[in-house]
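A short worksheet on the structure shown next.
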Amino acid sequence: MTTAAGPLVIGGAAIATVDAVGTEHAEGHVVVVDGRIAAVAPGPAPVVDGARTVDGAGCLLTPGLVNTHHHLYQWATRGYALDSTLFQWLTELYPIWARVTEDTVGPAAAAGLAWLARSGCTTTTDHHYLFPRGAGDLLSSTVDAAGRIGLRFHPTRGSMDLGRSHGGLPPDSVVEELDEILAASQDAVERFHDPAPGAMVRVALAPCSPFSVSGELLRESAALARTLHVRMHTHLAETLDEEEYCRDKHGCTPVEYLDKLGWLGDDVWLAHAVHLAPAEIARLGATGTGVAHCPSSNARLGAGTAPARAMLDAGVPVGLGVDGAASQEAGRLVDELRQALYSARSRVDARSRVDADRPAGASGPAGPTGPAGPKALTAREALAIATIGGARCLGRDDEIGSLEPGKLADLALWRLDGLGHAGIADPVAALVFGSAPPLELLTVGGRVIVERDELRTADEAALAADLRRASQAVRSRPPIPHLPPIKE
């Protein structure tokens, strides 16, 4: 666990607390003691003995942003399959990812985490599901990178056991045996998961997707996760191809399939959830199942637009995700606030247009799943999704996601008095609708990670050089020997 820095006082800033009633201060202060928020209030900052004081004039103070879905290893494989659908993209990239090693994943994770920090992120997940034999300790390399950069980290021990020979999408050479997956999953929790308050690292279990894992792996992973008291994560309902696959193979939709396997609940969050029927949205809300909304990645792959408005209205915990950098090369979490807002406002559910012509009893998702237009999502709702919504998905809304006394001092101070934002009177609107502003300060547990728009915990030029070497290596390296195909 990172040692808390000394006392810190930020004064003179506009403040959006993102608490339950949306408290905001046109000019206020925050006091940090022992890595937690001691006070947040309007008016001049108090004098605190021994504290560092930061002048927040011209800035907006928000909770640090929470990234609920990522694949950090993909930072070494950006720029591939630029005009492909998801299944085409995966087919092209699986053989390239089969070459990754610890020497690839470490630099990719460090670069991706640093870039997240530069975009206002203080807590991030990582869905790592690719473990070539002989590649080294890949999960440990991501945990080490997070410690180096200084972000709060929720890695997942992902998995795939359903290769092409058994009806899955990935090649047999990149899947693992069920027993090996379960043993490695338990080992990951025992090595890295910290259930204590203020933890810097917490682990979840994350079979990859319905088209790359077996039903047995989903059931066994859920049982293990609940025995170990850790959370669960997977991709779901990202494309119509996935829906067709589930209907053909399982006779139901992806959401119905997970529900049958015990994979809905308040200890689960799902990535994407683009193609949902109204009843499925209601089911996610009733079970408290969270969703990582990844609007830029979904747009890049042409997957569609998740029904964020309808999910929020149904009580679904919705967070934001940048997704892996191979399907979202920008990798900046602050940009996703505007993208989520624009996507919600431009969303048109083509199915809802033809509902009136559908015969009674017709199968498949149907019905409107939330309004489009300016009322679909507001700037403050976009900020809430990126902060307290993400914290809810990760089960940490009691510690992060809003600026309240007693919560961890994970803070983002955005400079809004420059040319890019001058004249926008509402600071939250300036943050969400405007271009990404410079970060005056980013802290995790009171520790400074970014200051004056520069990373303070690592050398960015060195990170970039390491990433270039890793990217070149994975392009030229021959495939690593893998497990043989799974036998009946």
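Values in this text are rule-based calculations from the coordinates and carry no lab data. It should be emphasised that the depicted structure is a prediction, and the values quoted were computed from it without experimental measurement. Virtual Cβ from ideal backbone geometry, glycine too; neighbours counted across all protein chains shown.
A few points about this structure:
- Residues whose placed amide H lies under 5 Å from that of Gly324, excluding near-sequence neighbours: His71
- Residue by residue, segment 323-334 carries 3J(HN,Hα) couplings of 6, x, 6, 6, 10, 6, 4, 5, x, 9, 5, 4 Hz when phi is fed to the Karplus relation 6.51 cos²θ - 1.76 cosθ + 1.60 (θ = phi - 60°); x denotes Gly or Pro.
- Rg ratio (alpha-carbon, reference 2.2 N^0.38 Å) - the chain: 0.94
- Derived scalar couplings ³J(HN,Hα) [segment 97-110; Karplus, 6.51 cos²θ - 1.76 cosθ + 1.60; whole Hz; x for Gly, Pro]: 5, 4, 8, 5, 9, 4, 6, 8, 5, x, x, 5, 5, 4
- Computed helical MRE - 222 nm, the chain, DSSP H runs ≥ 4 contributing -39500 (n - 2.57), nearest 500: -10000 deg cm²/dmol
- Under 5 Å, built H, 5+ apart or other chain: amide partners of Gly6: none
- The HN-Hα couplings worked out from phi for segment 64-72 by the Karplus form 6.51 cos²θ - 1.76 cosθ + 1.60 (θ = phi - 60°) are x, 6, 10, 9, 9, 7, 7, 9, 5 Hz, whole numbers, x standing for Gly and Pro.
- Rounded to whole Å, sorted largest first: equivalent-ellipsoid semi-axes of segment 111-164, Cα gyration tensor: 24, 12, 9
- Among the GluC sites (Glu not before Pro) in segment 148-182, those placed in a DSSP loop whose Cβ has at most 16 other Cβ atoms within 10 Å are Glu177.
- Burial ranking of peptide ranges 205-217, 315-327, 186-198, 21-33 (average Cβ count within 10 Å, highest at the top): 315-327, 205-217, 21-33, 186-198
- In summary, segment 222-263 shows an alpha-carbon radius of gyration equal to 1.32 times the 2.2 N^0.38 Å reference for compact globular proteins.
- Share antiparallel - DSSP beta bridges, the chain, percent rounded to 5: 45
- Once the Cα atoms are used to define both axes, helix 278-287 deviates from the longest principal axis of the chain by about 60 degrees.
- Highest-first arrangement of 13-19, 278-284, where packing means the average Cβ count within 10 Å: 13-19, 278-284
- When peptides 250-262, 63-75 are sorted by average Cβ neighbour count within 10 Å, with the highest value leading, the order is 63-75, 250-262.
- For Ala13, the residues 5 or more places off, or on other chains, whose built amide H falls under 5 Å of its own are Gly28, Gly56.
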